[in-house]
Amino acid sequence: MNKLTFILIFCTFSLESSTLRVGMELSYPPFEMVCYDGKPCGISVDIAYALGDFLDRQTEIVNIPFVGLIPSLKNSSIDMIISSLTVTEQRKRVIDFSDPYATTGLSLLLNINSELNDIEQANQKNVVIVVKSGTSGEIYAKRHLNLAKIRVLEKEAMCVLEVTQGKADAFIYDQLSVYINWKKNEATTKVNLNPFQIEHWAFGIRKGNQELLVKVNEFIKDFRSKGGFEKLAEKYLLDEAKALKSMGVPFVF
């Protein structure tokens with residue numbers, strides 16, 4: 001290998017290693033989305049860029065369907081997942097998680113004419129539940145609602161549509177998203193925002209990457225101490241935070 005070739009290889013490796021590739025599905029506003037200019041934006045995007053600054057690394061947002069995030073992390077296509085990812089025992093077997101940065105809970109978006117009102121009534125043969133593929137809602141439904149009919153769909157919007165059209169009794173999802181979708185569809189839906197499963201969101205990191213895990217936890221602590229999460233809530237979720245507080249529902253941050 002001549003000197004020029006070695007230099008080129010070294011420079012290429014250095015450039016790649018300096019880029020922090022963060023995977024997320026850009027279809028979950030206001031956390032992960034595409035803005036009017038075609039660029040990634042949202043709470044998770046802002047967090048990813050702040051993390052890149054903290055680590056002194058350039059951040060690259062990689063848009064991947066939610067079900068493909070963990071496989072992409074495992075095969076090193078990305079360095080990390082920041083995509084409103086719930087910590088579960090099943091996921092902890094294949095990836096590592098940072099310290100939690102948000103707390104939420106599973107709740108129900110219900111068709112306004114459904115006789116179903118809470119999760120205790122859901123495990124019946126005549127009940128239809130929709131869940132988004134790869135989410136903790138899917139895991140919960142398959143584990144606890146063996147008598148109900150469970151439909152697994154790829155997109156949040158598809159799940160909401162099933163409920164608004166009366167094709168499903170309920171959609172299992174996080175409280176904030178359920179609230180937002182209810183406000184968009186008050187004529188056809190109702191909600192039960194009481195969480196029946198408390199969940200924590202964290203960054204997903206490849207198994208064995210202890211150095212990055214330690215640095216990420218340092219970032220979360222530093223970002224929280226400086227009011228970073230509160231500022232993001234004020235930027236993206238001011239009205240929602242006030243509304244949920246008035247309803248006695250704990251906010252995510």
Listing Asp222, Asp96 by rising number of other beta-carbon atoms within 10 angstrom, fewest first, gives Asp222, Asp96
Dipole magnitude of region 73-162, debye to nearest 20 (Cβ charges: Lys/Arg +1, Asp/Glu -1, about Cα centre): 360 debye
Would you mind telling me the antiparallel percentage of the DSSP bridges in the chain, rounded to 5? 60 percent
Please list, ordered by chain and number, the residues whose modelled amide H lies under 5 Å from the amide H of Thr189; skip anything fewer than 5 residues away on the same chain. Ile112
Output the peptides 130-143, 59-72 sorted from most to least packed, where packing is the average of other Cβ atoms within 10 Å over each peptide's residues. 130-143, 59-72
Would you list the P(r) distribution for region 129-224, with all Cα-Cα distances sorted into 5 Å bins from 0 and each bin expressed as a whole %? 2, 12, 19, 19, 14, 10, 10, 8, 5, 1, 0
Over all directions, region 19-71 yields a Cα convex hull whose mean projected area in nm² is 3.7 nm²
The chain - percent relative contact order, Cα under 8 Å, separation 6 or more: 23 percent
Signed unit charges on C-beta, dipole axis of region 105-198, positive-most listed residue Leu109, Gly137, Thr188: Gly137
Checked against the positive end of the charge dipole of the chain (+1 on Cβ of Lys and Arg, -1 on Cβ of Asp and Glu, about the Cα centre), the farthest of Gly248, Ala170, Ser27 is Ala170
When you count, for each residue, the other Cβ atoms within 10 Å and take the mean per peptide, how do 89-95, 106-112 rank with the highest first? 106-112, 89-95
Within region 145-172, name every residue whose backbone N is under 19 Å away from a label modeled 7 Å from Cα of Ala187 along the Cβ vector. 160-168
Would you mind getting the Kirkwood hydrodynamic radius of the chain from its Cα pairs, rounded to one decimal in Å? 19.4 Å
For the chain, what is the calculated [θ] at 222 nm in deg cm²/dmol (nearest 500), taking -39500 (n - 2.57) for each run of four or more DSSP H residues and dividing by its residue count? -11500 deg cm²/dmol
Run through region 154-249 and list the GluC sites (Glu not before Pro) located in a DSSP loop whose Cβ has at most 12 other Cβ atoms within 10 Å. Glu186
With r as the distance between the Cβ atoms of Tyr36 and Arg151 and R0 = 35 Å, compute the FRET efficiency 1/(1 + (r/R0)^6) and round to 0.05. 0.60
Can you tell me, using C-alpha contacts under 8 Å and at least 6 residues apart, the relative contact order of region 105-198 as a whole percent? 47 percent
If each of Lys226 and Phe196 carries a label point 7 Å out from its Cα toward its Cβ, how far apart are those two points in nm? 4.1 nm
For the chain, the dipole about the Cα centre with charges only on Cβ (Lys and Arg +1, Asp and Glu -1), to the nearest 20 debye, works out at 440 debye
Modelled FRET efficiency - R0 45 Å, Lys207 with Asn126, Cβ distances, 0.05 increments: 0.60
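None of the figures in this text is laboratory data; all of them are computed from the coordinates on show. This one's a predicted model, so the numbers in the text were calculated from it and none came from an experiment. Neighbour counts are summed over all protein chains in view; Cβ atoms, including those assigned to glycine, are modelled from backbone coordinates with ideal geometry.
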